[in-house]
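A short worksheet on the structure shown next.
The values are calculated or read from the model by the stated rules, or taken from the named source; none is laboratory data. Note that the structure is a prediction, hence the values are computed from the model and not measured. Heads up, the Cβs are rebuilt from the backbone with ideal geometry, glycines too, and the neighbour counts pull from every protein chain shown. Heads up: the accessible areas ignore ligands, DNA and RNA and are worked out on the full protein's heavy atoms, side chains in. Shrake-Rupley method; radii C 1.70, N 1.55, O 1.52, S 1.80 Å.
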Amino acid sequence: MRYFFPKMIFIAAFFILVGCKKNEKVETVKIENTKNSIEYASGLSILKYDDYSVVTVSNPWPNSDKDFKYILKEKDAKVPDSLLSYTSIQVPLESVVVTSTTNIPFLEMLEVENKLVGFPHTDYISSEKTRALIDKGSVKNVGQNEKLNIEQLIELAPNLIVTFGVDNNNPMLDNLKKSGLNVLIQGDWMEQSPLGKAEWIKLYGALFGKEDKAKELFDKIVQSYNQAKKLVADKPATSKVLYGSMYEDVWYVAKGNSWVAQFMKDAQANYLWADLKGSGSEGLSFEKVLDKAKTANVWIASGSFKSLDELQKANPHYGEFDAFKNKSVYNFEGKLGATGGTVYYELAPSRPDLVLKDYIKIFHPDLLSSYEFTFASKLN
């Protein structure tokens, strides 16, 4: 027994030393300071480190009660322990499913459209480039946004599904995650700044390892937008603008802090509801709209109308507006893709510079006399 205690001390010391040696081998990866690469988008943050990025998506739908954080890591990346609890996504992606047509231009601009393997309701896609991939069978129709075909998605096994939510109740998102599919929530549709929407291309740059290309493309869009804005900076705002149309007995006008209202402000026009606080739109009666906008000299009509006759058939009272009588009615949603998708909805968020030029051409036609509309059409 007298040798027992020294022996125990020796054994304990041995394991303590071994433990110390093991502790010495633990590599602690620290989070170093880095700068958020996002300048205009309010709901996106990207922090780039050597071999991983931290992406935070905030306010992805109205009254959202949480943010989403993702770790985009390259092969063999050393990610700090403090970030291991967040959703991890291996990049660059080799395959992706997106669920909004607004994402298609980002893929094409970065030349990774061939990584797209699925999309819900492919008829909504207008781009000829991606339509060719659909026709070839490279892009599968995976159901509808509110009811994605999970069995098909499991079979496709994309590296990532980029999708969106509309409120705090998203059973489809939960089902995708329960099925073992990698999901990223994005909220570009919530952005109200024209350049903020377009800056979401940087998320796709990070997902496909093309950060520099995404920055280069976005910087050109910013430059083009600001050049157009500068054209009208010292011009008087002479156009009094009515926006929208009736939908099921309600006229939805864009609020003063909305994406649409910002374009009209930057194009130097007097939008009649510029003082209506908030983003999104507000439903009004026809009488209220007529009372305020009867003498408006420009009408930006919503809907896919192709002519004044078609517009008036939808509602005979439209003829009471001066802008209708003077044939000064424009539409941004009339240009459709080969299978009925609206070009404006797909391309406009990623090319705000082209949207702004269309508005400038409408409100100040002498400044862009040789410019052809990208989205707008004048109804005759």
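Within the range 217-359, antiparallel bridges make up roughly 45 percent of the DSSP beta bridges whose residues both belong there. The alpha-carbon of residue 147 sits under 21 angstrom from the alpha-carbons of these lysines, leaving out residues fewer than 8 places away in its chain: 177, 178.
For the chain, the longest principal axis of the C-alpha atoms and the axis of helix 4-25 are separated by about 30°.
Using 1/(1 + (r/R0)^6) with R0 = 30 angstrom and r between the beta carbons of residue 56 and residue 81, what's the FRET efficiency to the nearest 0.05? For residue 56 and residue 81, the calculated efficiency is 0.95. So with the 1.4 Å probe, I'd like the accessible area per residue for the chain, rounded to whole Å². Here the residues of the chain average 53 Å² of exposed surface. Quarter the surface of the alpha carbon convex hull of the range 215-301 and you get the mean projected area, 6.7 square nanometres. Here residue 265 is the anchor, and the aspartates and glutamates within straight C-alpha reach of less than 15 Å, apart from those fewer than 8 places off in the same chain, are 234, 275, 353, 358.
Measuring from centroid to centroid over Cα atoms, what is the spacing of the range 281-353 and the range 224-263 in Å? For the range 281-353 versus the range 224-263, the Cα centre distance is 12 Å. When the residues 82, 239 are ordered by accessible surface, computed with a 1.4 Å probe over the protein chains alone, the sequence from largest down reads 82, 239. Multiplying the residue separation of residue 157 and residue 74 by 0.36 nm and subtracting their alpha-carbon distance yields 28.0 nm.
Projected label points at residue 294 and residue 150, each 7 Å from Cα along the beta carbon direction, are separated by 5.7 nanometres. Ellipsoid semi-axes for the range 90-157, based on the Cα gyration tensor and the rule √(5λ), read 17, 15, 11 Å when sorted largest first. Stokes-Einstein diffusion for the range 249-380, with the hydrodynamic radius set to the Kirkwood value over Cα pairs and evaluated at 4 °C in a medium of 1.567 mPa s, equals 84 µm²/s.
Normalising the average separation of contacting C-alpha pairs (under 8 angstrom, six or more residues apart) by the number of residues puts the relative contact order of the range 181-289 at 24 percent. With 20 Å bins beginning at zero, the pair-distance distribution over Cα atoms of the chain amounts to 24, 49, 19, 5, 3, 0 %.
Restricting attention to the range 271-348, the count of lysine pairs at 8 or more positions apart or across chains with alpha carbons under 15 Å apart stands at 5. Equivalent-ellipsoid semi-axes for the range 259-312 (Cα gyration tensor, √(5λ), whole Å, largest first): 20, 15, 12. A simple charge model with +1 on the Cβ of Lys and Arg, -1 on the Cβ of Asp and Glu and nothing else charged puts the dipole of the range 69-129 at about 280 debye relative to its Cα centre. With q set to 0.11, 0.18, 0.23 Å⁻¹, the log10 of I(q)/I(0) for the range 128-252, from the Debye formula over equal scatterers at the Cα positions, is -0.66, -1.19, -1.33. Each residue of the range 149-162 was assigned a 3J(HN,Hα) from its phi angle through the Karplus curve 6.51 cos²θ - 1.76 cosθ + 1.60 (θ = phi - 60°); the sequence is 7, 5, 4, 5, 5, 4, 5, 5, 6, x, 4, 7, 10, 9 Hz, with glycine and proline shown as x. Pull out a ≥ b ≥ c, the square roots of the eigenvalues of the alpha-carbon gyration tensor of the range 42-127, then state rounded if a/c is under 1.5, prolate if not and a/b is larger than b/c, and oblate in the remaining case. It comes out oblate by the Cα gyration axes. If you take all other residues with their beta carbon under 12 Å from the beta carbon of residue 188, and give Lys and Arg +1 and Asp and Glu -1, the sum is 0.
Stokes-Einstein diffusion for the range 76-205 at 10 °C, viscosity 1.306 mPa s, with a Kirkwood radius from C-alpha pairs, works out to 102 µm²/s. Element breakdown for the chain at a 1.4 angstrom probe: carbon and sulfur atoms account for 50% of the accessible area. Which residue fluctuates most in the GNM of the chain (Cα springs below 10 Å): 87, 99, 122? Fluctuation is largest for 87. With R₀ fixed at 22 Å, the C-beta to C-beta distance from residue 220 to residue 189 puts the FRET efficiency at about 0.45.
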